[in-house]
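Below is one structure, written out as structure tokens; the observations come after it.
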Amino acid sequence: MQNFEYCTPTKMIFGKGVVEKLPEVLAPIGTKILMTYGGGSIKKSGLYDTVKKLLADKFEVTELSGIEPNPKYSSVLEGIRLCRENNIEVILAVGGGSVLDCSKAIAGCTLSEGDPWDIITSKAPTTNALPIVDIITMAATGSEYDFGGVISRPETNDKVGYMNEHLFPKCSLIDPTYTFTVPRNQTVAGVADAMNHILETYFNSDPNFLMDGIMETAIKSLIKNVRIVLEEPENYDARAEIFLNCSLACNGIYGLGEAPSGWPMHGIEHALSAYYDITHGVGLAIITPRWLRHILNEKTVGRIAQYGRNVFGINEKSDTETAEKAISATYDLYESIGIPMHLRDVGIDEIRISEMAHHIAINEGLNQPDVYAPLTEKDIEEIFTASL
Ligand code: NZQ
Ligand code: ZN
């Protein structure tokens, strides 16, 4: 087992009605709030009114609305301006992972010196960040329990992961009932995202039995519960288990003591959503079985077979057959919950494949010797072609 350091300083408050605790959570942190949100789902659900009522007496609220999925750098710049002009003391993110990611970038760039894009791309240091509290309304990214945010800059086709220890939320209020309104396509995309976060960690070269078992069970829990919520969108326990699963999946805990994997599928997907603005979880679902098939070789076959045996109960005569079936089972699972499984289904053809593969090869470090299955530019191009 490898050495590690681990700390998650985020307080998680989870369950029905926890939003009522917002004033007592915020009060010791600050009273001048920047409330960030997306395109209107929180207004439809009534959460916007609830939050405004809770903050009416003791807090001064400035708003930043319209944060888009795959949050854009322009929203970050607008948020920095609002924070500086209004002497904001704390950012309250209300919405999905995109709203929270944008808020993290605003928080880090407002209190650090330097050009915001340099800070986001870690060319300039993040020396401090405004505190962040969130009410997260999508079970997907795990941004509520990690120190990362992903920001898109369409003008340059960049989608960049901004990670820094200052970016952990101070507190995440998670009420799974707010996910009852998440549409089917986003519900399944969120599950595919969490499942992929687990797989990105699972496929590493120094695994341990403890984390393997936890991760295999976590994937089985996602599969079981996504089927339930597709039938019963308001099944609280299933929504809650999916949410907890998502919160844990991107936080690093499953990788304790293991080798880094390089997160190749995310490196590949981020180009797809940067170039074509597609939903992150959908891009991942399309890439996952193709990546598995591409890396299937003597070194990886045992591990892919273990995934097949312990997650899907596949037990063929050889590891190779079991691994092959595990890959097909992964594809079938996504297809069965209604995820479009070809790039063409989401409006992507072969025209920019080489350009994207080149961009990834330069920027994502997927060919480093220490990653689980190093990928060259040609490998990435082949994975894209197989995904068409
Ligand atoms: O904008 P609004 O109107 O709020 O609608 C959103 C959006 O259209 C809607 N939605 C959110 N909560 C809802 C709801 N609709 C109804 N009821 C609710 N309760 O869902 C749509 C998608 O929201 P978004 O925030 O974009 O989804 P998600 O949480 O999946 O976030 C995706 C972003 O996170 C990044 C992705 O790349 C993508 O940019 N990631 C962030 C990570 C992190 N911070 O650690 C890791 C991930 O791997 C990922 O890369
Ligand atoms: Zn992801």
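The values are calculated or read from the model by the stated rules, or taken from the named source; none is laboratory data. Since this is a predicted model, take the numbers as computed values, not measurements. Heads up, the Cβs are rebuilt from the backbone with ideal geometry, glycines too, and the neighbour counts pull from every protein chain shown.
Does any residue in segment 117-146 that is over 24 Å from T279 (Cβ atoms) come within less than 8 Å, Cβ to Cβ, of a residue that is of a type in the set (F, W, Y) and within 16 Å of ligand 2 (Cβ to nearest atom) six or more places away or on a different chain, and which pairs are these? So the pair list comes out as I119/Y162; S122/Y162.
Scan segment 233-240 and give yes if some residue there is outside any helix (DSSP H, G or I), charged (D, E, K, R) and away from ligand 1 (no atom under 15 Å from the Cβ), otherwise no.
no
Grab the helices (runs of 4 or more DSSP H) fully contained in segment 269-388, keeping just those with 2 or more residues being of a type outside the set (V, I, T) and closer than 18 Å to I198 by Cα. First the steps, then the outcome.
Details: elements: 280-295, 301-312, 319-336, 353-363, 377-387.
The qualifying helices (runs of 4 or more DSSP H) are 280-295, 301-312, 319-336.
A search for C-beta distances below 6 Å between a residue of segment 285-296 that is more than 15 Å from K378 (Cα to Cα) and any residue that is among the aromatic types (F, W, Y), counting only pairs 6+ apart in sequence or on different chains, returns A285/Y334; P289/Y331. If only residues of segment 20-62 that are in contact with a Ser or Thr (Cβ under 8 Å, 6 or more places away or on another chain), over 18 Å from P131 (Cβ atoms) and hydrophobic (A, V, I, L, M, F, W, C) are counted, the one that is surrounded by the most Cβ atoms within 10 Å (Cβ to Cβ) is I42.
Residues K21, K16: which one is touching a Phe, Trp or Tyr at 6+ places or on another chain (Cβ under 9 Å), away from ligand 1 (no atom under 13 Å from the Cβ) and not hydrophobic (A, V, I, L, M, F, W, C)? Spell out how you get there, then give the answer.
Numbers: K21 fails: touching a Phe, Trp or Tyr at 6+ places or on another chain (Cβ under 9 Å).
Of the residues listed, the single one that is touching a Phe, Trp or Tyr at 6+ places or on another chain (Cβ under 9 Å), away from ligand 1 (no atom under 13 Å from the Cβ) and not hydrophobic (A, V, I, L, M, F, W, C) is K16.
When segment 148-158 is limited to residues that are of a type outside the set (S, T, N, Q), surrounded by fewer than 24 Cβ atoms within 10 Å (Cβ to Cβ) and farther than 18 Å from N196 by Cα, the one that is nearest to ligand 2 (Cβ to nearest atom) turns out to be D158.
When segment 174-224 is limited to residues that are under 30 Å from G46 (Cα atoms) and not in a helix (DSSP H, G or I), the one that is nearest to ligand 1 (Cβ to nearest atom) turns out to be V182. Filter segment 258-280 down to residues that are at pLDDT 95 or above, touching a helix residue (DSSP H, G or I) at 6+ places or on another chain (Cβ under 7 Å) and within 25 Å of S205 (Cα to Cα) and give me whichever is surrounded by the fewest Cβ atoms within 10 Å (Cβ to Cβ). Ranking the qualifying residues of segment 258-280, first place goes to E258. Of the residues making up segment 198-213, those that are buried (at least 17 other Cβ atoms within 10 Å of the Cβ) and among the hydrophobic types (A, V, I, L, M, F, W, C) are I198, L199, F203, M211. Give the residue that is farthest from the chain's Cα centre (by Cα), with candidates limited to residues of segment 46-64 that are aliphatic (A, V, I, L, M) and either closer than 27 Å to H270 by Cβ or in a strand (DSSP E or B) (or both). In this case the residue turns out to be V61.
Just give me the residues in segment 176-197 being crowded, with 22+ Cβ neighbours inside 10 Å and either farther than 23 Å from G252 by Cβ or hydrophobic (A, V, I, L, M, F, W, C) (or both), in sequence order. So that I can check it myself, show each step before the final result.
Taking segment 176-197 first, the residues crowded, with 22+ Cβ neighbours inside 10 Å are 176, 178-179, 182, 187-197.
Scanning segment 176-197 gives Y178, T179, V182, T187, V188, A189, V191, A192, A194, M195.
Looking across segment 154-166, the residues that are outside any loop (DSSP other than H, G, I, E, B), out of contact with any Leu (no Cβ under 9 Å at 6 or more places or on another chain) and farther than 17 Å from H266 by Cβ come down to P154, E155, T156, E165. Pairs are defined by a Cβ separation below 6 Å, a sequence spacing of at least 6 or placement on different chains, a first member in segment 214-240 that is surrounded by fewer than 18 Cβ atoms within 10 Å (Cβ to Cβ), and a second member that is among the charged types (D, E, K, R); the pairs so defined are S221/E241.
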